[in-house]
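Everything on this sheet refers to the single structure shown next.
Here, each number is a calculation from the coordinates, and none is a lab measurement. As the structure is a computational prediction, the values presented were derived from the model and not from experiment. Virtual Cβ from ideal backbone geometry, glycine too; neighbours counted across all protein chains shown.
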Amino acid sequence: MIIRGAAAVLVTSLTLVGPLAAGAGEATDDGVDLAVLERDADGELSVRVVESGAVVGASADTTVLAIEPVGTVRTLVEPDSDPLRSSQWGLDAIEVEQTWDAVDGTGTTIAVIDTGVRATHEDLTGRLLPIVDLLDGRVDGTEADHFHGSHVSGIAVATAGNDLGIRGVAPGARVLPIRALGVNGTGSTATVAEGILHAVEQDVDVINLSLGANSPSTVINGAIEHAIANDIVVVAAAGNSAERGNPTIWPAALPGVLTVGAIDATGGRASFSSFGPYVDVVAPGRDVVSTQQRDDGAYGGASGTSMAAPHVAAVAALVRQAA
């Protein structure tokens, strides 16, 4: 009989003995229970525990293959070394960590066109390419609004297993931060389009657009079409307007874009999440903990389809690595 569990186990005490002849016996030491591995006449294996002080014997139709003191087992999983991992319900919802032995995003790049990223954040060290600042021309990120862009980037690629903060969905991937939105979270269609074109020039694998408007932009649409033609996955947030008339949001509604709505921890649609036939997939978007850089700390929670989109962008990076 083979018993399989969700996690491998380690036997910390193991003593094997040769097969015992039928009728042979061995007494246990007082205070020590024995585990006995037996094979019956049909070849099936089984394990039984013999209490302390009893005599272990083999019947005519059973062969004892091994006897050992009952030991202690532990799962072969390392302790959770990211202190805020328990707050990341989204990682549990999408069940992504099981893939990391095979694919973690290594070798892939996600362009995050946003408000900028705090390049020195402890959980983003080594995960960022040089920042492209289309607003102020700075490359160190010091003049950027770090909350939104850093939050989005951390969801996607925050370092796993570094004893700090959180884990990204694709912790082996890198982010190309492109600052196209200002401190108030707004930017011009021209600058966003420029950011998309720059991402294409840098041969990224995925573009994340946690941004949108109530009307389409031909320049943004043209830049996105160019990206798609260059085999780049373009992921866009569906919008947060469900409770304000649910208008169509762009560029989310553009054909070819992978559009992401938001769910909450119950698995239902987050009340704010825009919906409609242009929404392709949903992902965690309410009360998502990620990296940031504000006066109230380096980590914080946020809600929105802006948070849902990078979950999907990072999964797209995993798929690209596997392809």
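Rounded, prolate or oblate: pick one for region 214-323, where a ≥ b ≥ c are the square roots of the eigenvalues of its C-alpha gyration tensor, a/c under 1.5 means rounded, and failing that, prolate if a/b is larger than b/c, else oblate. Note, shape of region 214-323 comes out oblate.
Rounded if a/c is under 1.5, else prolate if a/b beats b/c, else oblate: with a ≥ b ≥ c from the C-alpha gyration tensor eigenvalues square-rooted, which is region 89-130? Judged from the Cα gyration tensor, region 89-130 comes out prolate (a/c at least 1.5, a/b above b/c). Taking amide H as placed 1.01 Å from N in the peptide plane, T108 has its amide H under 5 Å from the amide H of R174, each at least 5 places away in sequence or on another chain. Between V281 and D61, what's the calculated FRET efficiency when r is the beta-carbon distance and R0 is 51 Å? Round to 0.05. After rounding, the FRET efficiency stands at 0.35. Provide, for q = 0.13, 0.30 Å⁻¹, the log10 of I(q)/I(0) from a solvent-free Debye sum over equal Cα point scatterers in region 244-296. So the normalised log intensities work out to -0.39, -1.15. What the phi angles of region 237-250 give under the Karplus curve with 6.51, -1.76 and 1.60, with θ = phi - 60°, is a coupling list of 6, 6, x, 10, 10, 4, 8, 10, x, 6, x, 5, 10, 10 Hz, glycine and proline written as x. Between the amide H of L65 and those of L37, E38, R39, distances stay under 5 Å, these residues lying 5 or more places away or on another chain, with hydrogens modeled in the peptide plane.
Descending by average beta-carbon neighbour count within 10 Å, the peptides 222-235, 151-164, 263-276 line up as 151-164, 222-235, 263-276, the highest first. Largest first and in whole Å, the equivalent-ellipsoid semi-axes of region 262-323 read 22, 18, 9, each the square root of five times a Cα gyration tensor eigenvalue.
How many percent of DSSP beta bridges within region 118-257 run antiparallel, rounded to 5? Roughly 10 percent of the beta bridges in region 118-257 run antiparallel, per DSSP.
Calculated FRET efficiency, T186 to E225, Cβ-Cβ distance, R0 = 25 Å: about 0.60 to the nearest 0.05. A simple count of charges around A317, restricted to other residues whose Cβ falls under 13 Å of its Cβ and scoring Lys, Arg +1 and Asp, Glu -1, yields +1.
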